[in-house]
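Note sheet for the following structure.
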Amino acid sequence: MAEVAFNRLTSGSLMLGTLLALLPCGLPTELSIRMGGVGLAPALAQSTVDEATTIRVYDQVSPAVVAITTSDGGGSGSIIDANGLILTNAHVVGTESVVTVQLSDGRTFEGDVVGYGESRLDLAAVRLRGNPTGLPTVTIAPLNSVRVGQSAFAIGSPFGLQGTLTVGIVSRIDTERNVIQTDAAINPGNSGGPLLNRNGEMIGVNTSIFTTGENGGNVGIGFAIPINEVQPFLASVRSGTASAAVPTGRSNREPTPIALGSTVQGQLDDSSNVLPDGSLYNPYRFEGQAGQTITIDMSSQEIDPYLILIAPDRDDFSVQDDDGGGGLSSRISVQLPFTGEYIILANSLAEGELGNYQLSLSQGAGGQPGGGAASSGAEQIAGELGAGDPTLQDGSYYQEFAFTGQAGQQIRILLESSDFDTYLILIDSAGNRIAENDDASSSTTDAEIIVTLPSTGDYTVIVNSYEAGQQGRFLLTLE
């Protein structure tokens, strides 16, 4: 069989089951991925929001977004009340008790830092001096109103360019790590500014990006602190109970080179970098070749490892894994889509975990979770279906993966899980259902599709549970 490989689609936008037949023109254009059939890259969908909405959101909110300047940097912030309470990131104000705040109309104020988030929560509040009144404000969205796939707008001062707007979607809601992931371009200087919905309401505070060090820019994966964290913090600021203690400094460790075929011992500690959920990570870099299959393993007896693989110059590639190596170990096995530099983030699943780990980078595909061997030429993804994933109308969770195939090519797709009853659907780029399966045989609840592809092009695999609410780990194999 010719080799094919998956691309993970991170935006859940297909309506399946009985709705699949109702799609008038096949897949939405934002899901048409052409990656040459290599890699596990997420499809970072372009927002389909209309121009009038974009203009309205910017006109409505930009007057309430400010630029914050400190002695060694700065960022953005949102005016929360008309008397000059500013919400921003703790890392934007740093260790300074007084910062300079510039409004969109050009007025400049000094501002006192009046509170910090606790437990590594990257939030801070600034109160403007001079008793201003009647300032424009940002409205906060209702709790639990954010959905994967909805339009997202970021306003801030990237690279000092105040009042810059970028548009994307909510790519992922990580309920376990309590962050919102977006593909709206977020760069240095956006930190502390608002992430907004199409009504101009704040759904999160932009806080960080996956980048490659001090001078790194956006690589298509930005994070925001959700409003369910923001609201309690603002309540503590207004009641005078917010922490006045300056948070410990956040490191900006540059990526360490790691050679193919090597194993390194590392440690997550106070010198490690910090993600917005408070989890620590150390970055590593290596040079990869297009078409090369590599495996990254991370194990530890002291932390719950979490692996992320990104490319510093590409916004269409990222892979993440929690327990794909079996037990709590993480594993990423992927065919690289291009020649160039890649960045590995050795991360922990939970906030503030400290401890030693082992990280290895090898050539070739790794085995199945738990030590089983994958068949020759197979592409495998170990994942988890559940909270944070989109659902169909029947309440069942699903994830989408894509690959590029050739006319006449025979493929086998296997979906295995010991946690839930699996269901598979294969569709082509025009939205036609090619095949689907519930149980591979009467003796298993694993799903299997064996099919000869009718044409050359992009195909989408739907990983689904047979019943509503079922969730758990799965292993998806394409060969």
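Every number in this text was worked out from the coordinates using simple rules, so none of it is lab data. Keep in mind that this is a model prediction, so the values were computed, not measured. Glycine also receives a Cβ, built like all others from the backbone with ideal geometry; neighbour counts cover every protein chain displayed.
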So for TYR466, TYR58, fewest C-beta neighbours within 10 Å to most, what's the order? TYR466, TYR58
Interchain or long-range residues, amide H under 5 Å from ALA440's placed H: ASP446, ALA447, GLU448
Count neighbours as other Cβ atoms within 10 Å of each site's Cβ, and list the GluC sites (Glu not before Pro) in segment 93-141 that are DSSP loop with at most 10 such neighbours. none
Placed amide H near GLY204: partners under 5 Å, 5+ positions off or other chain: LEU195
Ordered by residue, what ³J(HN,Hα) values in Hz, to whole numbers, does segment 253-259 give under the Karplus form 6.51 cos²θ - 1.76 cosθ + 1.60, where θ = phi - 60° and Gly and Pro are x? 5, 6, x, 8, x, 9, 8
J(HN,Hα) series, segment 92-106, from Karplus relation 6.51 cos²θ - 1.76 cosθ + 1.60, nearest Hz, glycine and proline x: 6, 7, x, 9, 7, 8, 10, 10, 9, 10, 10, 7, 5, 8, x
Diffing segment 463-479: the Karplus 3J(HN,Hα) column from phi (6.51, -1.76, 1.60, θ = phi - 60°), in whole Hz with x for Gly and Pro, holds 8, 9, 9, 5, 10, 4, x, 5, 8, x, 7, 9, 10, 10, 10, 10, 8
Counted neighbours (other Cβ, 10 Å), sorted fewest up, put LEU478, LEU195 in the order LEU478, LEU195
Quick one: which residues, 5+ away or cross-chain, put their amide H under 5 Å from the amide H of VAL98? H built at 1.01 Å from N. VAL113
